[in-house]
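Read-outs: derived from the displayed coordinates by stated rules, not from any lab. This is a predicted model, so every value here is computed, not measured. Cβ sites come from the backbone with ideal geometry, for glycine too, and all protein chains shown count toward neighbours.
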Amino acid sequence: MIELYGSTSPNVQKIQIMLHEVDLDYRFHLVDVHHGEQYSPEFSRLNPNQKVPVIVDRDGPEGRPLTIFESGAILIYLAEKTARLLPEEPAARAGALQWLMIQLTGIGPMFGQFNHFQRYAADDVYGTSRFATQSRRLYDLLEQRLGESPFLGGGEYTIADIATFPWIRVENKLFGKTHAVMNIDWEGHPNLARWYNTIAARDAVKSALLKINLVPSTMTTATREDLERYHARGTFARSLDGAT
Ligand SMILES: N[C@@H](CCC(=O)N[C@@H](CS)C(=O)NCC(=O)O)C(=O)O
């Protein structure tokens with residue numbers, strides 16, 4: 001049994017999709033990140049970085065429980081545990097891992113920052129434009145790659161696709177209509193659309209999405225102070241000179 005600590009975030013959705021793909025039983029524990037549950041001593045013991053997702057594999061190596069944070073590390077662990085969705089052959093494995101890293105270091109952070117500025121700091125023209133530019137560049141990169149290759153890593157569906165798919169979903173609870181907000185159209189990105197539709201049609205993905213859609217957003221009841229803390233601004237901002 002896997003215990004999954006998460007929220008509605010795309011970084012959590014990728015783990016849910018993976019668990020359905022490799023057919024491992026899991027229990028979902030909602031972490032109310034908009035009311036500060038990630039800072040609790042109990043959660044901080046699971047992840048000192050105080051972010052979701054986290055898993056606890058009750059049947060870890062040598063039968064002992066194992067706690068893992070960071071979605072990329074969790075995907076690699078689950079792929080290795082089940083010998084699924086991460087090729088063993090070195091070239092194919094490197095191909096999958098490099099596109100997994102593009103998601104972890106590019107797509108997630110850039111789309112995330114774009115979403116933040118566009119929704120909460122749209123008056124910051126430079127920030128909004130900078131992250132819109134980076135996000136659009138990444139959409140074009142994916143389109144180019146998927147014009148050359150059926151899946152991101154190569155010929156096979158891998159954890160690189162699983163990691164990226166939730167960030168491209170047209171609608172999710174956290175980001176709303178990401179494509180619409182960024183004026184990204186499927187017509188201009190036909191290879192991305194083909195890839196997206198292929199993944200969305202998989203049985204495991206469909207069953208994962210049914211579960212994902214049941215996870216409630218904790219943002220709706222967040223107070224102004226909760227949001228200031230979540231966004232690390234106002235009284236929660238640290239000063240540049242390190243005084244706070
Ligand atoms: N690099 C991390 C990112 C995790 C992350 O940013 N999680 C967000 C949800 S998308 C979170 O827990 N936010 C709460 C917070 O930052 O306080 C991963 O891929 O697991």
### Task
Starting from the range 1-108, pick out the GluC sites (Glu not before Pro) whose DSSP state is loop and whose Cβ has at most 11 other Cβ atoms within 10 Å.
GLU88
### Query
So how compact is the chain: Cα radius of gyration and Dmax in angstrom?
18.3, 53
## Note on the structure
Put in order of increasing Cβ neighbours within 10 Å, starting from the fewest, THR164, THR221, THR67, THR8 give THR221, THR67, THR8, THR164
### Query
Using the beta-carbon distance between GLU42 and GLU187 and R0 = 41 Å, what value does 1/(1 + (r/R0)^6) give for FRET efficiency, to the nearest 0.05?
0.30
### Query
Per-residue ellipticity at 222 nm for the chain, helices alone: DSSP H runs ≥ 4 residues times -39500 (n - 2.57), over residue total, nearest 500 deg cm²/dmol?
-15500 deg cm²/dmol
### Query
Using modelled backbone amide H atoms (1.01 Å from N, in-plane), which distant-in-sequence or interchain residues come within less than 5 Å of TYR26's amide H?
ILE2
